[in-house]
Structure formats: structure tokens, C-alpha cells
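What follows is a set of notes on a single structure, which appears directly below.
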Amino acid sequence: MSTQLISFHVDTKRVLEVLAKQIYQSPLALLRENTQNAYDAILLRRQRDPNFEPKIEITVTPEFITVSDNGIGMSFDEIRKNFWQAGSSSKNNEEARRAGVVGTFGIGAMANFGIADVLEVESESVVTGERTKCIAHLENLKFNQDCIETEQLSPVGFPGTRVKARIISQNQVSEVEAKRYVAEFVSLLSIDVFLNGELLSRQSTERFLPRFSGVAREVLLAATISSRLVADVVFEITQNADISIVLTELIWMGIPLQGQLSLRSGNPALRTFRSGFGLATVSVGSTYQFGGIADMLNFQPTAGREALTTDSMQLLQTIVSDVDVFASIALSKRPEADSSTPFMQWVASHRRFDLCGNLRILLQPGDRTNLSEIIKLTEKVPLPVYGGSDQSVITSYSSEDRPLLLLARSNPRRQCEQGFLAAYCKTSDVSDAPLVERLSARNQWSSAQSALAFRIENVLEADYFLNAEVRFGLISHGLALLVERSGENKTTITLHQAGPTILTILGLYDHQYSAFGSMVKDFVRTAIFPKVAEYVPSSTRQGAEAFLRAIKKPRDVFEYEDTDTSNLSAIWLDYTEGKISLTEAVTMSKENVRNSVQIVESSSAAQVRDVVPDLIANEETFRNEGAEPEQYSFDAAPAITRTEQKSSAKLLVISDDMPALRGYRCFIALTEKARNDMGDFFLQPHKTSVVWGGQKALFIFLHHSGQVGLYYDLQTNGTIASDSGGRAYPTCTIVLKDRIYIPVPNEIMTSFVPVAGERKRFEIRCDLLRVESEEE
């Protein structure tokens, strides 16, 4: 039998479309890439001639998108070797780094072929004086073939570059949409950037961060933020303890960092820039929810520009963590500390009770008094301290000669008061502790009580690694349960056997056993966990280290980062050298696209009541009967687990005729890849924050220990919401056997729920974040 050879054909048009969509998350990416290249060209020319007047002009019509600049321009060789060669860049050199260029990937031209079929480039070089014109037709492009029309033109004496893309009819871009998109990354540039004649740049930072009014202001030069960070600081604070911090002249670990940070408390959306050019909106872990603007030359964008690399995120997170410490120390010296819940949260979590002197505690009889004054009042005679609310106790223990200190009813203020008094004051406790008035012997338990105790002990051990003993009895103060901890690290939980919640659960065992197990799990999560959280091993640093080691397993990345461009270049190089086929490269690309894209259709949505029928009813029962101690708490909380149930739905919703679940009516499933790689994280108690802006929604989950976090980044083709926003939210993760659902805030729910026949497309990035302390 003879062997025959057949030709191998490649659809270059399709390959370029696949690669463009793989790297760039928005069809408008050519606007970003061409504008960023124009800005880099201006930075390079300005380094040679600081006095020239830079300008970028963008024109958007239904048929064409044109970006023109008067930057340094390109010679014929630069166009041939860099612009039209993927993975190659003329900006990977010391001159470009000194100029502060934004891009060094050398793959920006590819973005045009996501929505264009003809690309025309005309450029005149400042360096060589050459003027070159190139035209590329998508249908004529062939790999490693001379297929780009090139023409040498006579110089006209006006250096710069004009890139003109002809838009495929079905990909037309509206002028309004283009202006909104471009403004996201050029608004703070100090040069002129026009789109269809409208100036989009030279905006003040006050557009994003309005100035405070009626503030106390302090300026510190070369202030020590931490042992690793020194900077010039402008610190402002309002009467309500809202904080503004601007850092310039940063020195990190002895090395200057070019750029500045402008931070505001209570504003978790953090817009990042490099040399004034917008990169991505991110969120970092901060007790004060610091957000605002971070413009630093050290920031490295991913190849698609829509995110920062992991190293850049870690640097930003560590700096903001240090700013948290600095803000706490600065705030502790001011009376506004008494109005700042974040300050008290930071103090309590770091046990820095020495900073609490300006917090005010209630004296009875009397008024609120600074804790620092209590030191003087207790120098000779201890004062009684009462943490309850029984008016008869308050009346009997308080007098003009010996006033009574009344602890705050809620944390974190109560924790701060207790910590400060214990460390620096002489006090005596007035007992108001609840008691077990009568304990039931085990041989007197009903079968339902035995089953309930067995289930609770097993759930605590299996889900939270906590060994506990469950008992039944009568408890004072009307409590549903009482948790006690003995010296041998033994946890005892006494259930009020006559309480309405316990009677409801016991009734299920006798009359509706199928619902009994789920009800017990929800009871442990909502009622017991908040009372035993500090004893759960995962809440300790050692527990976090063990968890972190366990979850660190090999996993693919979801987005090209700066280090991945070498892989991209290697693929192109391997193909051109004949080491791999183009089909193999495209197959690998498609695999990555599948792993990082999620499509949600109306047919893939389901009602919560159909997937987890008892969930909403259980939550309502506990809330109505008072078993949920802090409704909608922002503290770390366990997920809702139903690991015996399955679901094929990618989206869960709650109709308006049903009660919302902790305020939510929408839950989106993690991608299968994210669930497989990161699913273990959600079995641990965690906090939830969400921030959104433009086409991006960013979910930040912080582990119970505070030592590690996880971010889940969703990018859509449309706008998430008309306005950027975000904050901390109650944790309400739902874990099933084959799905993990995270809650979607109501403010952006419409961007996630498809109408009939609609397909919602999400680009996904997900990774762990290590939250390092200065001591580490």
C-alpha cells in the first residue's frame, strides 16, 4: 500500500479571531490597545523632547475606528519586526522603562482583528525620519508569508502614528459606548485625548474621589508607614471618622516606587493606573475598606489589560495592609476614633488595645468618658464593670462615690473596652452570666434529643474540626443555647430543651425526618457557629497555614499574565519552526477559553426553592424565633451546605413572592474549573465583599483566619451597572454536591439574570491571595 501526502490548510482569519478573543475580554479592546500604544509613543518622544505638545485623537464611526498620535513614530524595521510580529515589542528596553511605558507585550495589533477586517497603519519616525504605510486585510493574512502591503512614503515633517481599523458590520461600536470605555483609562492623563472632538482626559482625581469638607488635615514628610514603607503623607479625617490618605514619594524596602496612592475609607473600589493610564478596577482586603486611585510604575497588567498580575496585586495588598496599621495608629490619637467602627474592628482583631484611650465608655451615674480617664479613676479603688442590661443590677451597683462601668452591648466596641480595662485599669466584674438552671440526664433524653445531639456533634467535627459535647437543660436569660469552654479546651453546648427552635427541630425528627438533617446543619451554621467561631481551628493562623498548604495544588491560570507572554511567544516560535502544528496551538487556546468562560442562559437558571426546597423556610424559622444572633452580619460565616443535593443550574434566583435569603435574590455558580481548584476554600468560614465598575464585578472572599483570601473576577461584554460601587456583604455561599453558588448583590442582579433567549457571557479569573502581615 502506497503512502500519500495531503496538504494542511489553516484558516488564518479564524485563528486570529480565536487568539484575539482569548486574550482580550472586550470587543472594544482595540480602542484600549491602540490608545495605549499611542500614549507609549508620546512618553518615548517626551523623554527626548519634554517641550513638544502631545495629542491623541480618536475617531469612531459605524465603519471605522482611527487612533492618531504625534508620538515617536515607527521606522520601517520597527513596524516589520515589532508591530506585525506577535510576542515582540520595541519597548522592552531601559529607555522605554525610564519613559514609563505601559505596554511591553508586543501583541496589541492582534486586538484589532477581534472586530476588524482591515487594518491600516501609517507612521513617521522621529528617530529615522522614515514614513511608512501598511495595510493588512484579514482575509489575505497567511502565517509566515508576505501578505501585508507596505509602502515607503515621503516624510511630511509631522512624526507620529495613525492606526485605522475597518469594523466588520456586525461588530459596529456606538460613539456613546466608545466614550464611556475610553474614559475609563484616559481620564487622568495629563495630555489631550479627544474622541470625536470631545476631550476625555485631563480630569481631576476629585471626579472619582470628591474632597472632604470640614476635615482635620495633617501633612507628614518621609513618614514611616511601616518597617518596609516610607512615604510623604497627607492625612485627612472628618468628624464621622471618614479617612483620606494620599501617599507620594514612596520607598518600599529601601527602593523608590514611582507613583502615588490616593485612598478613601468606605470605598472598596480601587482604580489602578500605570503612568496615569488606567489598568483595572480591583479590591483589596482592608478593615477600613480603602479604595480610590493607585498609580504606580511597578504595576504590571495582564496581556488583556483588564487585570493586574498576581505579583502586582500582592504588592498592592501588602501596601494597603500597612496603610491600615498606619491609619489605626493615627486615628487612635484623635477623638474621631470613638466614631470609627473600622478602627475598633482593627484594634480588636490585632489586639492593639493600647490604642483605645480615646474610645468613650459609659459611666452610671454619669456620662461617656474616655477610657484613658478610667486609668486615673481606678488607680486607688477598682470600679465595677457590668456587661448586661438588667436595670436592677445597674441601679444596685452604681453610685456617685463608686460609679459603674457599663460595657457596650455589641462588638467590636465591647471587645475594645474589655481589652483596655483588663490591660490598664483596676476593675471588678459584676456577674450577669447566664446559667444552666437544670441539666437533663442522658438516660432521660428522648430519641429525638439523642439524634439531635449526635448530629450537632458530628457536624461540628466534620465541617469545623471542633470537638464538642451537646447537652440539654433549662437556661436562664431566655437563651436558646449556652456555650462554655473549660480549661482542657473542651467545648460544651447546652440546648434549651423548652425553647421554640429546639422544639421545632425535635418535631421534625418525629414527624418529618427527611428535613431533619438539613435543619440541623442550618441551625449549627446560623445559631451555634457564631458562638464557637473563636474556638474553630481554622480561625487560627496555624489553621490557615495548614489550609493554605492543602489547597495549593497544581491549577491552570485563567488569564495571561506578563510571565505568560513568553508562553505565547513560545507557541508562535514553535509553530514557525515546525515543532507543533497550528491545530495543536488552537486546540490549546480553545481549552483555555472553555476553562475561563461561562455562558448563562435563561434555561440554565432555576429557583432556589426548586433546588434546595427547605433552605428559605429554615432561615425564616431561625430568624423569626431569634436563633440567628446577628442577622446579616458581615463577620466570617460558614457556607450553606447541602452536599447531598445536586443541581445543573448555573444561576439560582428567588422570586419576589418569596423572602430573600440574607437579602439576596440571585446566586451564580462558580465555573467547574474554579470549583474543582478552589472549592475547598468555601467549606471554611469566610467573609464576602463585592466591588463592580464598568464591565467587571470582583468578588473577594476572606478566610476566617484573615491570613488568606480568594478573588473571583467576572468580566461581561456589557456594563455591570451604571455606577461603580461595592462594599462588604453578608456571607451566603451555597455548597451543593456538584455546585458552589456565590451571592450576587441586588444592585447588580440584572446584569447576571438573562431574559428569555438571552445569553450572558462571563470571562472568569480566580486565584488565592495571601494576606501578609508586616511581621511575616
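Can you tell me which of (1) open to solvent by less than 40 Å² (accessible area, probe 1.4 Å); (2) more than 16 Å from Phe326 (Cα to Cα); (3) among the aliphatic types (A, V, I, L, M) is the one Ile255 doesn't meet?
So the condition that Ile255 fails would be (1).
Tell me, please, whether a residue that is more than 23 Å from Val536 (Cα to Cα) and assigned to a helix (DSSP H, G or I) can be found in the stretch 452-473.
The answer is no; no qualifying residue exists.
Just to be sure before I move on: is Pro730 more than 21 Å from Phe762 (Cα to Cα), modelled with pLDDT of 90 or more and open to solvent by less than 20 Å² (accessible area, probe 1.4 Å) in the structure I sent?
Spelling it out, Pro730 is indeed more than 21 Å from Phe762 (Cα to Cα), modelled with pLDDT of 90 or more and open to solvent by less than 20 Å² (accessible area, probe 1.4 Å).
Kindly indicate which of Thr281, Thr272 is in a strand (DSSP E or B), modelled with pLDDT under 90 and hydroxyl-bearing (Ser, Thr, Tyr).
Residue meeting the stated conditions: Thr281.
Sort out which residues of the stretch 53-77 are buried (at least 19 other Cβ atoms within 10 Å of the Cβ) and assigned to a loop (DSSP other than H, G, I, E, B), and write them in order of number.
Result: Pro54, Asn70, Gly71, Ile72, Gly73, Met74, Ser75.
Let me spell it out: the conditions are (1) touching an Asp or Glu at 6+ places or on another chain (Cβ under 8 Å); (2) open to solvent by 10 Å² or more (accessible area, probe 1.4 Å); (3) more than 13 Å from Gly285 (Cβ to Cβ); (4) not in a loop (DSSP other than H, G, I, E, B), and Lys687 meets all of them except one. Which number is the exception?
Checking Lys687 against (1) touching an Asp or Glu at 6+ places or on another chain (Cβ under 8 Å); (2) open to solvent by 10 Å² or more (accessible area, probe 1.4 Å); (3) more than 13 Å from Gly285 (Cβ to Cβ); (4) not in a loop (DSSP other than H, G, I, E, B), the one that fails is (3).
Give all pairs with beta carbons closer than 6 Å in which a residue from the stretch 218-231 that is within 16 Å of Ile243 (Cα to Cα) meets a residue that is outside any strand (DSSP E or B) and among the acidic types (Asp, Glu); count only pairs at least 6 apart in sequence or on separate chains.
Listed by first residue and then by second, the contacts come to Ile225/Asp322.
Only one of these is open to solvent by less than 90 Å² (accessible area, probe 1.4 Å) and under 36 Å from the mean Cα position of the chain (by Cα): Arg352, Arg368. Name it.
So the residue among Arg352, Arg368 that is open to solvent by less than 90 Å² (accessible area, probe 1.4 Å) and under 36 Å from the mean Cα position of the chain (by Cα) is Arg352.
Can you name every one of the strands (runs of 3 or more DSSP E) wholly within the stretch 577-678 that holds 2 or more residues which are surrounded by fewer than 20 Cβ atoms within 10 Å (Cβ to Cβ) and modelled with pLDDT under 90?
597-601
Scan the stretch 292-312 and give yes if some residue there is assigned to a loop (DSSP other than H, G, I, E, B) and at pLDDT 90 or above, otherwise no.
Taking every residue of the stretch 292-312 in turn, none turns out to be assigned to a loop (DSSP other than H, G, I, E, B) and at pLDDT 90 or above.
Based on what the data block shows, is Thr504 closer than 18 Å to Leu439 by Cα and either in a helix (DSSP H, G or I) or within 40 Å of the chain's Cα centre (by Cα) (or both)?
For Thr504, the condition - closer than 18 Å to Leu439 by Cα and either in a helix (DSSP H, G or I) or within 40 Å of the chain's Cα centre (by Cα) (or both) - is not met.
For residues that are hydrophobic (A, V, I, L, M, F, W, C) and open to solvent by less than 60 Å² (accessible area, probe 1.4 Å), scanning just the stretch 159-179, find the one that is nearest to Gly129 (Cα to Cα).
Residue satisfying both the conditions and the ranking: Val163.
Out of everything in the stretch 282-304 that is within 24 Å of Pro256 (Cα to Cα) and among the β-branched types (Val, Ile, Thr), what residue ends up being surrounded by the most Cβ atoms within 10 Å (Cβ to Cβ)?
Filtering the stretch 282-304 for residues that are within 24 Å of Pro256 (Cα to Cα) and among the β-branched types (Val, Ile, Thr), the one surrounded by the most Cβ atoms within 10 Å (Cβ to Cβ) comes out as Val284.
Answer yes or no: is there a residue in the stretch 694-710 that is surrounded by fewer than 22 Cβ atoms within 10 Å (Cβ to Cβ) and more than 20 Å from Ser283 (Cα to Cα).
The answer is no, given that none of the residues of the stretch 694-710 is surrounded by fewer than 22 Cβ atoms within 10 Å (Cβ to Cβ) and more than 20 Å from Ser283 (Cα to Cα).
It is to be established whether one or more residues within the stretch 114-134 are over 11 Å from Trp84 (Cβ atoms), crowded, with 18+ Cβ neighbours inside 10 Å and modelled with pLDDT under 80.
Among the residues of the stretch 114-134, at least one is over 11 Å from Trp84 (Cβ atoms), crowded, with 18+ Cβ neighbours inside 10 Å and modelled with pLDDT under 80, which makes the answer yes.
Would the stretch 444-456 turn up any residue that is over 22 Å from Lys531 (Cβ atoms), in contact with an Asp or Glu (Cβ under 6 Å, 6 or more places away or on another chain) and open to solvent by less than 70 Å² (accessible area, probe 1.4 Å)?
Yes, the stretch 444-456 contains a residue that is over 22 Å from Lys531 (Cβ atoms), in contact with an Asp or Glu (Cβ under 6 Å, 6 or more places away or on another chain) and open to solvent by less than 70 Å² (accessible area, probe 1.4 Å).
Condition test on Cys147, is it surrounded by 10 or more Cβ atoms within 10 Å (Cβ to Cβ), assigned to a loop (DSSP other than H, G, I, E, B) and over 42 Å from the mean Cα position of the chain (by Cα)?
yes
Here are Leu495, Leu506: which of them is modelled with pLDDT of 85 or more, surrounded by 15 or more Cβ atoms within 10 Å (Cβ to Cβ) and touching a Leu at 6+ places or on another chain (Cβ under 6 Å)?
Leu495
Considering only strands (runs of 3 or more DSSP E) fully contained in the stretch 155-229, which possess at least 3 residues that are out of contact with any helix residue (DSSP H, G or I) (no Cβ under 9 Å at 6 or more places or on another chain) and within 24 Å of Asp295 (Cα to Cα)?
216-226
The values are calculated or read from the model by the stated rules, or taken from the named source; none is laboratory data. Because the structure is a prediction, the values reported are computed rather than measured. With ideal geometry, Cβ positions are generated from the backbone for all residues, glycine too; neighbour counts draw on all protein chains shown. Only protein heavy atoms, including side chains, enter the accessible area calculation; ligands, DNA and RNA are left aside. Shrake-Rupley method; radii C 1.70, N 1.55, O 1.52, S 1.80 Å.
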